[in-house]
Amino acid sequence: MRNILRKELTLSASPATYFFLVFGLMFFLPGYPVLCSVFFVTLGIFKSFQNAREANDFVFSALLPVAKKDIVKGKYLFTCLMEMTGFAVMTVATLLRMTVLKDVAVYRENALMNANLFALGAGLFLFGLFNLIFLSGFFRTAYSFGSFIGYIAAAFSAIIVFEAVHFVPGLGAVNAFGLEHLGLQLCLFLAGVLNYLVFTLVSYRHACRCFERIDL
């Protein structure tokens, strides 16, 4: 499996995938929907799947002495590694905004979603959504990218909801600054972690079943 992951990182990956990880720094931007940074990271991952398809990577991988489910596992490991790298960048930006920069006026006056633990949990939810919709959908054919359109629609619908929720009366605490309402923030963050794990596991099992049935 280590060799398969190495192939993904060095041969199959598009340079754009690594470039788009920098978009995690968008969590520093005031007056901007910070969760769009998650979409850009997933867009970078999508570029690697495009690159792999055009290079017949899936046919090449099927010729290797590995099980078909290991090919799927390699793609999922690569995807999760890129997601967690982008998430780490977002986490650093968020922690700085929650501590050192928590009283900066440009952030305090921002009407959009604040960078806090709830935002990180929402980011994990979106990453899980990418795995659930795009990855499992792609492995039905190992060719069609139609599921990415579905992911875009679902992701931006979710972003709109997350951006709007703190305007609902009584739910303003989800947009807390710094360490305010920390218990609530932690619960929402853990909910995001759980969603990511469940979505990814369900997606992986479905992708393995679909890919086994494909005649490459």
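Brief remarks on what is shown
- Residues Val202 and Phe167, FRET efficiency given R0 of 45 Å [Cβ-Cβ distance, rounded to 0.05]: 0.90
- Measuring spread by the Cα atoms of the range 160-216 yields a radius of gyration and Dmax of 17.9, 54 Å.
- Rounded tilt (10° steps) of 36-54 against the dominant C-alpha axis of the chain: 10
- Cα→Cβ-extended label distance, 7 Å offset, between Ala16 and Ala105, nm: 4.1
- Measuring nothing but how far apart in sequence close Cα pairs (under 8 Å, 6+ apart) lie, relative to its length, the chain scores a relative contact order of 26 percent.
- Cα-based reach from Lys69 at 12 Å (exclusive), listing aspartates and glutamates while leaving out same-chain residues under 8 positions away: Glu212
- Note on the chain: with a GNM built from Cα contacts shorter than 10 Å, the maximum mean-square fluctuation among Ile45, Ile160, Ile133 falls on Ile160.
- Length-normalised contact order of the range 43-152 in % [C-alpha pairs under 8 Å, at least 6 apart]: 20
- Over the residues of the chain, the helix contribution to mean residue ellipticity at 222 nm works out to -20500 deg cm²/dmol, using -39500 (n - 2.57) for each DSSP H run of at least 4.
- Least to most buried among Glu212, Glu163 (fewest other Cβ within 10 Å first): Glu212, Glu163
- Local net charge near Leu21, Cβ-Cβ under 13 Å (Lys/Arg +1, Asp/Glu -1): 0
- Working note: Karplus 6.51/-1.76/1.60 with θ = phi - 60° gives the range 199-215 the couplings 4, 5, 5, 4, 4, 4, 5, 5, 5, 4, 5, 5, 5, 5, 7, 7, 9 Hz, where Gly and Pro are set to x.
- Annotation: amide H of Ala142 has no partner in the under-5 Å range at sequence separation 5 or more or interchain, hydrogens built in the peptide plane.
- Asn3-Asn56 pseudo-label distance in nm [points 7 Å out on the Cα-to-Cβ vector]: 2.1
- Of all lysines in the structure, those lying under 20 Å Cα to Cα from Lys68, and not within fewer than 8 positions of it along the same chain, are Lys7.
- Ratio Rg/Rh, restricted to the range 1-81 and using Cα atoms, in which Rh is the Kirkwood radius: 1.08
- Given [x] 57, 29, 26; [y] 73, 37, 28; [z] 61, 36, 34, the label whose value is Cα extents along the principal axes in Å derived from this model: [x]
- Order by protection proxy (mean Cβ within 10 Å, highest first), peptides 90-96, 64-70: 90-96, 64-70
Coordinate-derived values only; no laboratory data. These numbers were taken from a predicted model, which means no experiment stands behind them. Here the Cβ is made from the backbone with ideal geometry for all residues, glycine too, and neighbour counts use every protein chain on show.
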